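Single-structure report; data block below.
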Amino acid sequence: MKSKVQQFVRKNIQALAPYSSARDEYSGKEGIFLDANENPFGVYNRYPDPYQPALKEKLAQIKNTSADQIFIGNGSDEAIDLAFRIFCEPGQDKALTFVPTYGMYEVSANINDVELIKLPLNEEFQIDRNLLQPFFSDKNLKLIFICSPNNPTGNLFRTDDIEFILKNFNGIVLIDEAYIDFCDQPSFIQKINEYPNLIVIQTLSKAWGLAGIRLGIGYMNQEILSYFNRVKAPYNISTVNQQTALDILSREDYQQKVKDILDEKEQLIQNLSDVKGILTIYPSDANFLLVEVENADELYEKLIARKIIIRNRNSVIKNCVRISVGTSGENQQLLNALKEFNND
């Protein structure tokens, strides 16, 4: 009898014999290594550990979970792509998300030839259950992506709406918590054992300041993890990136940096409120602000000319821009430019 998870997995993935690397066959740290056709000379001449145990143990301590429920990917985008490859039959199955949201869900769906259903959020940028519920009966709908706090709107989705989906959807629910460290809501990581269809992804790119090493984390039950490990590339995280992440995760200034960003965000909100041409500053649970202005395209071009780069979101939310919280000095330069534009 198939488990609840196995019934969602593509048949060819269930039957897949994963590539067996030299480090799968011998995982010891010492010895004369003549098994992997490596160069015997050099600093980084050996392949990295394919399952990153030390890094997973450190993350498990920080996130109060188990190391055997952690997947580490080349950015969160790898986990998103693997979810499509494991659970969605190309040209047949579907996925669903709530828009506007992170654009990689659609890109990855297109790459994997999976139809992506895009349901609009309501006026408060929250999930509309009435729009969603009819899709629960679609047997080809295998994946739902939920970005909370959401990008680009910045807000958390209601917990009871997410739990409604987890309880009623007969498929895999992936919650993208890239910005969870900037808000006080508990992570859905603690719900993994409660919901067998749940995957939670986070990243070291935002709160931890490690966007340059491209390291994302997936938290999931051991059965789902077994399929992720079966399909992923053998050595997907380099030795350098594993060690860099371990070094940063061991530092004690992480919470202070998050606090500094949140303090800067509140100051930025206060100062932007006094700027002419700023129409709406939407509530934010992230490290950025969604801001409605009089003319997003014009403002974007004016700031670009000053080498101040924000994100123009006019194509998805009319006359809105997304502003990441910078340093105190960077935020002040932005404010100075905005005030100068109003005086011209």
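Details
- Dimensionless Rg ratio for the stretch 254-343, taking C-alpha atoms and the 2.2 N^0.38 Å reference: 1.03
- Under a Gaussian network description of the chain, with springs only between Cα atoms under 10 Å, the residue in 26, 300, 105 that fluctuates furthest is 26.
- Euclidean distance between Cα centres, the stretch 58-95 to the stretch 144-169, Å: 17 Å
- Cα-based helix-to-principal-axis angle, 296-305 vs the chain, degrees rounded to 10: 80 degrees
- Helix axis angle, 254-272 relative to the chain longest principal axis, alpha carbon, degrees: 30 degrees
- Taking the number of Cβ atoms within 10 Å of each Cβ as an exposure proxy, the fewest-first ranking of 143, 262 is 262, 143.
- A straight line joining the Cα centroids of the stretch 176-235 and the stretch 280-313 runs 29 Å.
- Sequence of 147, 183, 88 once ranked by neighbouring C-beta atoms within 10 Å, starting from the fewest: 183, 147, 88
- Counting beta carbons within 10 Å around each of 142, 29 and listing the fewest first gives the order 29, 142.
- Overall form of the chain per C-alpha gyration tensor (a/c, 1.5; a/b vs b/c): oblate
- In the structure shown, the pairs 167/206; 139/167; 29/63 are assessed against 18 Å; a Cα-Cα span above that value is assigned to 167/206; 29/63.
- DSSP-defined beta bridges in the stretch 6-249 - what % are antiparallel, rounded to 5: 30 percent
- Between 175, 13, 189, the Gaussian network model of the chain with springs among Cα atoms under 10 angstrom shows the greatest mean-square fluctuation at 13.
- On Cα atoms only, tilt of 76-87 relative to the major axis of the chain in degrees: 60 degrees
- Each Cα pair under 8 Å and six or more residues apart adds its separation to the average, and for the chain the resulting relative contact order is 18 percent.
- Positive minus negative residues near residue 202 (Lys, Arg vs Asp, Glu; Cβ under 10 Å): -1
- Highest GNM mean-square fluctuation among 281, 72, 146, for the chain modelled with Cα contacts below 10 Å: 281.
- Extension reserve of the residue 269-residue 24 stretch, reckoned as 0.36 nm per residue once the Cα distance is removed: 83.1 nm
- Length released on extending from residue 107 to residue 158, taking residue separation times 0.36 nm less the Cα-Cα span: 15.8 nm
Computed from the coordinates by the stated procedures, all read-outs in this text should not be read as laboratory data. Owing to the predicted nature of the structure, the values given are computational and were not obtained by experimental measurement. A quick note on method: Cβ atoms are made from the backbone with ideal geometry, for glycine too, and the neighbour counts reach across all protein chains shown.
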